[in-house]
Amino acid sequence: MAESSPPDTPDDPVAALRKRSRILARLLDDEGRVARWPKRRAQRLLILEHLAQHFEPGERLAEAEVNALLNSLHSFDDAALLRRWLVEEGFVGRTASGSAYWLESTESTGSGEWLGRER
């Protein structure tokens, strides 16, 4: 007989989705925009993943285009903060000059593997 994982463990994908949904519900407004910047790294990563999903794979964007995109996805008027964190955490790449931005590999997008590591 196969052992099953207890509920709310990292091996339970349904529990992981529920946890992600609860966190997003607290951090997004009614229009799906980021309403506040979380202090916990795991929650920041979830928000960054949410933002990165709005970038098109293979597309290179100018900084002004990235700012316009991010401004449409949050309500606290700080696209620079979001842009820096997207780059710092590896969701988005950029040239050394900052003239172009692109979505990095999406292999881990959606995994939520870091949700259990609240810091």
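Bear in mind that the values in this text are calculations on the coordinates, not laboratory data. Predicted model, so just to flag it, every value in this text is computed and none were measured.
Annotations
- With N as its number of residues, the stretch 1-104 has a Cα radius of gyration that, divided by 2.2 N^0.38 Å, comes to 1.25.
- Gain upon complete extension [S21, E89; 0.36 nm per residue less C-alpha separation]: 22.4 nm
- Extended-chain gain in nm, criterion 0.36 nm per residue less alpha-carbon gap, R40 and A68: 7.5 nm
- Multiplying the residue separation of R60 and S99 by 0.36 nm and removing their Cα-Cα distance gives an extension gain of 13.1 nm.
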